[in-house]
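Student: Have a look at the structure that comes next, please.
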Amino acid sequence: MKQEFIKNRIEALRASMKSENLTAVIVTSFENRIYYSGFSGSNGWLVVTPEEALLVTDGRYITQAGKECPHYEVLKAAQSYEYSIIGAVKDRDAKKSMGGRIGFEASNLTVSAFEKVREYLPGKEFVPFDSFIADPRKVKDSYELGMIREAVRVAEEAYMQILPMVKEGVTELELATELQYRMKLAGADKESFDIIIASGENGALPHATPGARKLAAGDLVTIDWGARFGEYTSDMTRTLAVGEPSEKMKKIYNITYEAQMKVLEKIGPGMTTGEADALSREHIKAAGFGEYYVHGLGHGLGIAIHEDPRLKDGEKEVLKPGHVVTVEPGIYIPGEGGVRIEDLVVITETGCEILTTTPKMKF
Ligand code: ZN
Ligand code: ZN
């Protein structure tokens with residue numbers, strides 16, 4: 001089934017190449033390489049022309065690439081990497097078929113690699129083609145949605161198992177390690193990013209690293225985690241309480257919760273990413289905590305944990321059915337503590353479907 005989707009993606013790329021009069025496209029980033037070929041190795045470039053689809057990789061991956069990428073001709077790179085990639089194409093006399101106008105990922109090629117490619121393919125015009133290559137990843141197809149649902153399921157299963165451990169005396173690092181281990185047992189390939197467990201005053205750091213701090217009575221504890229399942233990711237956050245938090249901590253929790261609910265109730269197709277952000281931001285501002293909401297509402301997610309569209313103040317991108325985005329407002333008060341609540345949603349024809357299901361507390 002996956003291969004059918006990959007075939008469609010290659011055809012869509014060829015259609016956008018045609019519309020921009022490109023004769024070939026070189027795909028270099030890990031995420032886009034997986035998206036257009038299914039190749040999960042760490043090293044390789046794709047060269048797509050109207051007639052051909054080539055995957056050039058090194059000797060370690062030839063067998064794997066042959067298995068994973070039936071729509072590609074796999075070529076083995078030798079010698080220095082950038083030279084050999086273009087060299088492998090050249091040696092099989094396909095250089096001509098790359099034509100004169102070549103699209104590439106300007107945001108994913110080092111200056112030195114680009115210089116080598118240009119040197120090896122003189123007389124060609126190189127055109128940054130990043131958005132055409134990456135934009136199709138924003139709207140998820142049914143295969144991708146299935147994988148993301150699984151990435152959510154294994155992460156949530158592990159979280160529910162560690163919930164009884166969230167009590168006085170356990171360290172942040174012990175909780176993070178247990179969660180990571182349980183996710184793998186539940187079927188995750190690994191965590192989709194370094195797990196964040198931030199207790200007490202550490203909760204004021206949106207991207208805290210779990211450490212030796214022991215959970216104590218009165219703490220709010222922010223747990224931000226996700227799983228990688230196959231080539232897809234998940235991402236979610238819950239804030240929990242140990243014992244009875246202060247009135248102020250309860251207050252910022254409830255404000256964050258309400259801000260998140262406002263977005264979840266209204267987010268849908270046709271709304272801009274900036275408007276979605278404003279739903280949460282205005283609520284938190286009106287409650288007097290605007291200066292402590294120090295990041296955007298959320299981000300797209302898929303093969304990468306952070307990808308477009310970005311839900312941020314002032315952004316104008318229009319949400320569409322099939323976009324998978326996080327909704328994660330937060331309030332962080334330096335020296336005191338913080339709250340973040342994050343759900344993962346897919347935009348539907350009429351609104352959104354919330355993919356994450358673990359319970360949230362409410363004071
Ligand atoms: Zn997160
Ligand atoms: Zn996130």
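The values are calculated or read from the model by the stated rules, or taken from the named source; none is laboratory data. As the structure is a computational prediction, the values presented were derived from the model and not from experiment. Using ideal geometry, Cβ is built from the backbone for each residue, glycine included, and neighbour counts are taken over all protein chains shown. For the accessible areas, the whole protein counts, side chains as well, though only heavy atoms, and no ligand, DNA or RNA atoms are used. Shrake-Rupley method; radii C 1.70, N 1.55, O 1.52, S 1.80 Å.
Student: Could you pull the Cα extents of the chain along its three principal axes, largest to smallest, in whole Å?
Tutor: The Cα atoms of the chain stretch 72, 40, 38 Å along their principal axes.
Student: Note the angle between two axes, namely the Cα long axis of helix 172-186 and the longest principal axis of the Cα atoms of the chain, as a number of degrees from 0 to 90, rounded to the nearest 10.
Tutor: 50 degrees
Student: Where only protein heavy atoms count, and the probe is 1.4 Å, what is the accessible area per residue for the chain in Å²?
Tutor: Accessible surface, normalised per residue, equals 42 Å².
Student: Hey, which lysines would be in cross-link range of LYS262, C-alpha to C-alpha under 20 Å, not counting anything within fewer than 8 residues on its own chain?
Tutor: LYS250, LYS251, LYS285, LYS312, LYS316, LYS320, LYS360, LYS362
Student: Could I ask something else about it? Report, for the range 2-137, the % of DSSP beta bridges that are antiparallel, rounded to 5. List each step's numbers first, then the result.
Tutor: Values: 7 of 18 bridges.
Around 40 percent of the beta bridges assigned by DSSP in the range 2-137 are antiparallel ones.
Student: Hey, what do the phi angles of the range 118-134 turn into as Karplus ³J(HN,Hα) couplings, whole Hz, using 6.51/-1.76/1.60 and θ = phi - 60°, x for Gly and Pro?
Tutor: Values per residue, Gly and Pro as x: 5, 5, 7, 10, x, x, 8, 9, 10, 10, x, 10, 3, 5, 5, 6, 8 Hz.
Student: Kindly write out, for the range 220-226 in residue order, the coupling ³J(HN,Hα) from the Karplus curve 6.51 cos²θ - 1.76 cosθ + 1.60 (θ = phi - 60°), rounded to whole Hz, with x marking Gly and Pro.
Tutor: With the stated coefficients, the range 220-226 comes to 8, 10, 9, 10, 10, 8, x Hz.
Student: Using a cut-off of 29 Å between alpha-carbon atoms, which lysines can reach LYS124, once sequence neighbours fewer than 8 places away in the same chain are excluded?
Tutor: Straight-distance partners of LYS124: LYS7, LYS18, LYS76, LYS90, LYS95, LYS96, LYS116.
Student: What spacing in nm lies between the two simple spin-label points modelled at SER142 and PHE193, each 7 Å away from Cα in the Cβ direction?
Tutor: That separation, rounded to one decimal, is 3.1 nm.
Student: Under a crude label model (7 Å from the Cα following the beta-carbon direction), how far is SER42 from ALA12 in nanometres?
Tutor: Simple spin-label model gives 2.9 nm for this pair.
Student: For ASP58, list long-range residues whose amide hydrogen, built 1.01 Å from N in the peptide plane, is under 5 Å from its own amide hydrogen.
Tutor: For ASP58, whose amide H was placed from the backbone, the distant partners under 5 Å are ALA77.
Student: Still on this structure: Would you list PHE289, PHE30 from the most to the least accessible area, probe 1.4 Å?
Tutor: Details: PHE289 20, PHE30 80 Å².
Result, largest first: PHE30, PHE289.
Student: Ranked by accessible surface with a 1.4 Å probe, highest first, in what order do MET98, MET271 come?
Tutor: On the way: MET98 0, MET271 35 Å².
Largest to smallest exposure gives the sequence MET271, MET98.
Student: Here's something else I'd like to know. Which length gain, in nm to one decimal place, applies between LYS266 and GLU119 when the Cα-Cα distance is subtracted from 0.36 nm times their residue separation?
Tutor: The span from LYS266 to GLU119 would gain 47.7 nm if fully extended.
Student: Another question, then. Just read off the accessible area of MET361 with the full protein assembly in place, 1.4 Å probe, to the nearest 10 Å².
Tutor: 40 Å²
Student: Can you run phi through the Karplus equation (6.51, -1.76, 1.60; θ = phi - 60°) for the range 331-341 and list ³J(HN,Hα) in whole Hz, with x for Gly and Pro?
Tutor: So the J values, rounded to whole Hz, are 10, 10, 10, x, x, 10, x, x, 9, 9, 10.
Student: Now a separate question. Gap in Å between the Cα centre of the range 232-263 and the Cα centre of the range 114-174?
Tutor: If we compute the Cα centre of each part, the gap is 25 Å.
Student: Does the range 142-354 classify as rounded, prolate or oblate by the C-alpha gyration tensor (a ≥ b ≥ c root eigenvalues; a/c under 1.5 gives rounded; else a/b over b/c gives prolate, otherwise oblate)? All intermediate terms of the calculation are to be shown ahead of the outcome.
Tutor: Details: a/c = 2.18, a/b = 1.14, b/c = 1.92.
It comes out oblate by the Cα gyration axes.
Student: Give the carbon-plus-sulfur fraction of the accessible surface of the range 101-147 in %, rounded to a whole number; probe 1.4 Å, heavy atoms of protein chains only.
Tutor: 57 percent
Student: Arrange the residues ILE102, ILE305 by how much accessible surface each exposes, largest first, with a 1.4 angstrom probe.
Tutor: ILE305, ILE102
Student: So if we plug the beta-carbon distance of GLU291 and PHE363 into 1/(1 + (r/R0)^6) with R0 = 30 Å, what FRET efficiency do we get, rounded to 0.05?
Tutor: Efficiency computed from Cβ-Cβ geometry: 0.85.
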